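Trainee: Let me give you the structure first, and then I'll get to my questions.
The values are calculated or read from the model by the stated rules, or taken from the named source; none is laboratory data. From a predicted model like this one, the values you see are computed outputs, not experimental measurements. Positions of Cβ are generated from backbone atoms using ideal geometry, with glycine treated the same way; all protein chains shown enter the neighbour counts. Protein only, heavy atoms only, side chains kept; ligands, DNA and RNA dropped before computing areas. Shrake-Rupley method; radii C 1.70, N 1.55, O 1.52, S 1.80 Å.
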Amino acid sequence: MDRIRIVGGQRLNGTIPISGAKNAALPLMIASLLTRETLTLNNVPRVADVNLLSRILGNHGVDVTIAGKKSGQRTSDGQTFRLTATEIVDTTAPYEMVARMRASFWVLAPLVARCGRAKVSLPGGCAIGTRPVDLHLTTLEALGAEIELEGGYVIAKAPRGLTGNRVELSKVSVGATHNALMAAVLARGETLIENAAREPEVVDLGNCLIRMGARIEGLGTPTLWIQGRETLHSAEHTVLPDRIETGTYAMAAAMTGGDVMLDGARANLLQEALQILRSSGIEVEERPTGIRVARNGRGLQPVTVETRPFPGFPTDLQAQLIALMCMASGTSTVRETIFENRFMHVQELARLGARIELKGDTALVTGVSGLRGAQVMATDLRASVSLIIAGLAAQGETVIGRVYHLDRGFERIEDKLRQCGAHIERLTS
Ligand code: EPZ
């Protein structure tokens, strides 16, 4: 299994290109199931979850081609995927596949909407909480699907198609909103989704569906109105920049006291996180081509933060913020309100000398004068990258095991950091 070795203590200085958002690319790829025609997606990141989803979609009958590089393209430019689901040959998503990536459960809605049936294994994914799928199922039921659970599978049937309805999500859920949107665009009549997620990735999916011929209003608000269509058609769409990758590198730059330009980043996708960084004393400058983040010699002030659905502070940046606050002068309070078990990085950060006390859903992070390198273990995607951030500032060598978690969602992370002066390498075995 690959490991990552870091020798910490170098300031990050330079430019980091921001990739397309993994969490937008995945539902966008799944949306290809909704039409017989080709969906072209630009700026798709080179990450393991995208590759795995390509295989899962291939199993359903989607032809996936990746366009070759064009002259003048840089390594940092995203890929162009063409996905064509002329015929759905298999409406089953088996355990072996869905258990490896939670987002693949989202094939449920488009398969039922287009084929009238689907059998999809209950999901796996990062071990950050119980992560139920009740909202996905009640949404489909509200649109007329019959749902049964059998042998670890969800079996959904709507032989006469789905019918629009009013759906109120009892909790804000990104995945359930993706699912509801993809079901509603092919349902008969109108659907109203209340308490919808407002995450930029939901808006990106909605905009792509509109390009495919869907009628959707209210994107970016908690109330979505959809007029179903009989069919959708071909479209081309560019995946939005990854706000979590942006926030992660912003914190890495701040952690090392460096000065980094995040090329292609969009500040409006993470205003709350940028505001928290500013309040901590970090310089954050919004520029037309990206965001510049610097902490030239200044100390870090502690912060008080709660994770919240968008536009609040994202749970996917919580681990990275905790790593950063290990260097603040004082005690920060970080409360996790989205997932109940998302503090596994805390014990690994402690191996590097961090002082973090857990009190239920809250981490009290007391800054220390310096971290020391150690061997640590990645436990989930965002936890792994928090260890990288900490390792970049720690004195001496940090070796991170189980980095396959990292490869699921960060494109060429060692290259991007090395180009800014980090001493980081992958140890393959
Ligand atoms: C998406 O997961 C992201 N994954 C997660 O990123 C992210 O942490 C999460 O949204 C929250 O922003 C992808 O986009 C692929 P949710 P999702 O449904 O959709 C509860 C990463 O690191 N809930 O918004 O699965 C749930 O337990 C990943 O890239 C129900 O109770 O998350 C949680 O407490 C990790 N019933 C809350 O809602 C349901 O049916 C929000 O989860 C569904 C969810």
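Trainee: Which of LYS22/LYS171; LYS69/LYS416; LYS22/LYS416; LYS22/LYS359; LYS70/LYS416 have a Cα-Cα distance over 25 Å?
Mentor: Flagged as over cut-off: LYS22/LYS359.
Trainee: First select every other residue whose beta carbon is under 14 angstrom from the beta carbon of ALA187; then total the charges, Lys and Arg +1, Asp and Glu -1.
Mentor: Neighbour charge sum, excluding ALA187 itself: +3.
Trainee: I need the fraction of alpha carbon pairs in the chain separated by more than 31 Å, rounded to a whole percent.
Mentor: Taking all Cα-Cα pairs of the chain, the fraction more than 31 Å apart is 39 percent.
Trainee: Amide H of ARG408: which non-local residues (sequence gap of 5 or more, or other chain) have their own amide H closer than 5 Å, using H built in the peptide plane?
Mentor: Long-range HN contacts for ARG408: ALA48.
Trainee: Also, I was wondering about something else. Give the residue list of trypsin sites (Lys or Arg not before Pro) in segment 1-99 that are DSSP loop and have at most 12 other beta-carbon atoms within 10 angstrom.
Mentor: LYS69, LYS70, ARG74
Trainee: Where in segment 285-365 are there GluC sites (Glu not before Pro) that are in a DSSP coil and have at most 14 other Cβ atoms within 10 angstrom of their Cβ?
Mentor: Loop-located and lightly packed - GLU340.
Trainee: Something else about it: Rank VAL64, ALA183, SER429 by how far each Cα sits towards the positive end of the charge dipole of the chain (+1 on Lys, Arg Cβ; -1 on Asp, Glu Cβ) and give me just the farthest.
Mentor: SER429
Trainee: Mind listing which GluC sites (Glu not before Pro) in segment 165-235 are in a DSSP loop and have 15 or fewer other Cβ atoms within 10 Å?
Mentor: Within segment 165-235, the qualifying GluC sites (Glu not before Pro) (loop, at most 15 other Cβ atoms within 10 Å) are GLU230.
Trainee: Could you tell me what fraction of 2.2 N^0.38 Å the Cα radius of gyration of segment 119-213 comes to, as a two-decimal ratio?
Mentor: 1.09
Trainee: All other residues with a Cβ under 15 Å from the Cβ of GLY144 taken together, and with Lys, Arg as +1 and Asp, Glu as -1, what is their net charge?
Mentor: Taking every other residue near GLY144 into account, the sum is +2.
Trainee: Using amide H atoms built 1.01 Å from N in the peptide plane, name the residues 5+ places from GLU168, or on other chains, whose amide H lies under 5 Å from its own.
Mentor: The list, which skips near neighbours in sequence, is GLU194.
Trainee: Sticking to Cα atoms, compute the Rg of segment 272-359 to one decimal and its Dmax as the biggest Cα-Cα distance, whole number, in Å.
Mentor: According to the Cα coordinates of segment 272-359, Rg and Dmax are 13.5, 41 Å.
Trainee: Follow-up question, since we're still on this one. Please list, or write none, the lysines whose alpha carbon is within less than 17 Å of the alpha carbon of LYS119, excluding same-chain residues fewer than 8 places away.
Mentor: Once the sequence-local lysines are set aside, what remains near LYS119 is LYS157.
Trainee: Turning to a different aspect of this structure: Taking amide H positions as placed 1.01 Å from N in the peptide plane, with prolines and chain starts having none, which residues 5 or more places from GLU236, or on another chain, fall under 5 Å of its amide H?
Mentor: The answer is THR40.
Trainee: Something else: Residue farthest toward the positive end of the dipole of the chain, with Cβ of Lys/Arg at +1 and Asp/Glu at -1: which of GLY206, GLY258, THR333?
Mentor: The residue sitting most towards the positive pole is GLY258.
Trainee: Now for a different question. Based on alpha-carbon centroids, what's the gap between segment 361-424 and segment 236-273 in Å, whole number please?
Mentor: Between the Cα centre of segment 361-424 and that of segment 236-273, the gap is 17 Å.
Trainee: I've got another one for you. Considering all alpha-carbon pairs of segment 22-238, what whole percent are spaced by more than 23 angstrom?
Mentor: 40
Trainee: Now a separate question. Excluding ligands and nucleic acids, what accessible area in Å² is computed for MET344 using a 1.4 Å probe, to the nearest 10?
Mentor: 50
Trainee: Here's something else I'd like to know. Hey, got the dipole for segment 22-238? About the Cα centre, +1 on K and R Cβ, -1 on D and E Cβ, debye to the nearest 20?
Mentor: Rounded to the nearest 20 debye, it is 460 debye.
Trainee: Related question: Taking +1 at the Cβ of each Lys and Arg and -1 at the Cβ of each Asp and Glu, which of GLY144, THR238, ALA374 sits farthest along the dipole of the chain towards its positive end, judged by Cα position relative to the Cα centre?
Mentor: Sorting the options by dipole projection puts first ALA374.
Trainee: Just add up the charged neighbours of HIS178: K/R +1, D/E -1, any other residue whose Cβ is under 15 Å from the Cβ of HIS178.
Mentor: Around HIS178, the charge tally is +1.
Trainee: Taking the Cα centre of the chain as the origin, how large is its charge dipole in debye, to the nearest 20, when only Lys and Arg (+1) and Asp and Glu (-1) carry charge on their Cβ atoms?
Mentor: 640
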